[in-house]
Amino acid sequence: MMQKTTPTGLMDSFSQLTKHLDTKDASTLNSNATITPPLEWLGMPIDLRETRRVAQKNVDYVLSPIIPAGRATLVTGVGASSKSMLLKQMAIAVAIGRDFLGLSVPTPGKAVLILAEDTSEDAHRSLDAIFQGMNLTDDEITLAQKRLHVFAAAGMDCVIVNENDASERLEKLLAFVSSLGDVRLIGLDPAIALSRGRELDEMAQRDLANAVERIAITSRAAVLVISHAAKSIQSRQEITSHSSRGSGAITDAFRLEILMRVMTEREARDFRIPEEFRFRYVRMQVTKANSLSYEEMQPRWIERGSGGVLTLANLAPPVPTAWVRKRRGLELFFNTDTCTGEVCPTTLSKAEWKKRAASAALLTGVSTSAKDMSATRLFAAIQDCNWIYEAEGKWTVTAEGLNELLD
């Protein structure tokens with residue numbers, strides 16, 4: 001007769017690892033003895049007996065409540081969207097312990113910036129503009145000068161991955177950060193300067209992200225990496241993750257992604273900002289996060305002042321005018337590709353459009369008849385603008401309608 005075996009639970013399986021201990025007391029994994037990991041390239045599995053204790057600890061935020069210590073963040077956007085300025089101002093805020101763009105600095109400390117696109121003169125000019133634009137006191141400037149370590153490396157080789165001597169450079173960077181002590185933020189600008197791998201090479205991008213995560217985990221600092229986004233994001237109606245240019249592997253490997261985008265023509269109309277002033281405003285939004293609340297993933301509007309210095313914009317909420325409602329009704333004739341973020345027109349019957357309008361809260365009134373009348377009026381208004389036309393019982397967007405939303 002075959003002997004029955006009793007299935008072991010997860011904790012029982014975990015305890016069996018103590019058999020690898022070369023010690024008299026193998027009853028605990030907290031022994032000083034050398035442990036041979038069962039999968040040496042991954043290290044030891046976590047001790048789930050610690051789950052509750054670890055979960056109850058406060059998150060160590062560098063910029064609360066968004067950017068944590070010990071992890072890497074990808075900041076992406078098209079050119080001239082103030083990514084580098086954001087990085088520099090965040091570093092200064094961390095150094096002097098001042099709130100920035102609605103984010104607090106619980107624990108001030110040192111910051112290291114590697115600016116691969118800045119000459120020494122570029123860095124000095126932009127930092128001076130920030131000192132003046134943020135109205136730093138003499139004491140705060142002195143503190144920033146003491147705690148900021150800025151490398152202006154334009155024209156220099158900044159590769160730290162995928163090269164024979166890259167691993168040595170990475171080790172030297174880690175040793176430098178360790179020697180400083182109390183480093184809370186490390187900024188690397190831009191990502192493309194850190195690797196010779198092509199942006200479309202998934203393996204190269206994954207290696208880069210892994211190297212950056214190692215810097216973050218080893219140093220316990222927040223590491224911010226600047227990357228360039230595909231130009232198409234400037235015209236997208238819906239902001240999504242994976243906006244960084246090239247392979248999506250780099251975004252996959254980061255815990256947090258922040259997107260920077262200049263105010264679009266449509267957004268300027270919604271906020272009633274004159275066309276000539278819309279480039280003052282930048283939308284900053286978390287587009288990927290593991291555990292942020294819905295509120296923290298809402299966009300922050302930023303205004304660019306003298307020298308490009310960033311402050312929170314004081315914008316009135318968009319006014320839901322009749323014209324805005326018409327445009328939002330027109331938007332219902334468009335679908336967004338969940339993979340690419342591209343916006344494409346679609347055909348709808350009146351009933352299908354009405355259902356979408358109700359879901360989008362575009363219909364006024366309480367009773368069914370009132371909402372029916374609201375739908376009829378709004379649909380007619382969109383039709384009067386020559387934004388849609390009928391073909392075989394379905395309605396689709398005209399060239400004028402396309403221009404209205406996609407220009």
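We did not get these values from a lab; they are worked out from the coordinates using the rules stated. Quantities reported herein were computed from a predicted structural model and do not represent experimental measurements. A quick note on method: Cβ atoms are made from the backbone with ideal geometry, for glycine too, and the neighbour counts reach across all protein chains shown.
What the table below lists for this structure:
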| read-out | value |
| --- | --- |
| Label-to-label distance, nm, for residues given as residue 384 and residue 172 (7 Å Cα→Cβ offset) | 7.1 |
| Extended-chain gain in nm, criterion 0.36 nm per residue less alpha-carbon gap, residue 396 and residue 277 | 39.5 nm |
| Spatial separation of Cα centroids for region 96-128 and region 171-203, in angstrom | 16 |
| Mean Cβ neighbour count within 10 Å, used as a protection proxy, ranking 99-112, 373-386 highest first | 99-112, 373-386 |
| Extension gain, residue 132 back to residue 120 (0.36 nm per residue minus Cα-Cα distance, nm) | 2.5 nm |
| Viscosity 1.306 mPa s, temperature 10 °C, Stokes-Einstein D of region 273-407 from Kirkwood C-alpha radius, µm²/s | 91 |
| Exposure proxy order (Cβ contacts within 10 Å, fewest to most) of 41, 323 | 41, 323 |
| Likely footprinting exposure, 326, 394, 172, fewest C-beta neighbours within 10 Å first | 172, 394, 326 |
| Cβ-based net charge around residue 311, under 15 Å, with every Lys or Arg adding one and every Asp or Glu removing one | +4 |
| Cβ-Cβ FRET estimate between residue 364 and residue 292, R0 fixed at 25 Å, reported to 0.05 | 0.15 |
| Alpha-carbon centroid distance for the pair region 338-407 / region 277-314, whole angstrom | 30 |
| Cβ-Cβ FRET estimate between residue 154 and residue 311, R0 fixed at 25 Å, reported to 0.05 | 0.40 |
| FRET efficiency for residue 351 and residue 323, using Cβ-Cβ distance with R0 set to 35 Å, rounded to 0.05 | 0.90 |
| Violating pairs (Cα-Cα greater than 20 angstrom) within the set 88/288; 57/83; 110/172; 288/354 | 88/288; 57/83; 288/354 |
| Least to most buried among 85, 156 (fewest other Cβ within 10 Å first) | 156, 85 |
| Protection proxy ranking, peptides 253-265, 276-288, average beta carbon neighbours within 10 Å, highest first | 253-265, 276-288 |
| Region 322-406, relative contact order in percent, only Cα pairs under 8 angstrom and at least six apart counted | 32 |
| Sequence ranges 87-94, 327-334, ranked by mean other-Cβ count within 10 angstrom, highest first | 87-94, 327-334 |
| Spin-label pair residue 377/residue 182, simplified geometry with 7 Å Cα→Cβ offset, distance in nm | 6.4 |
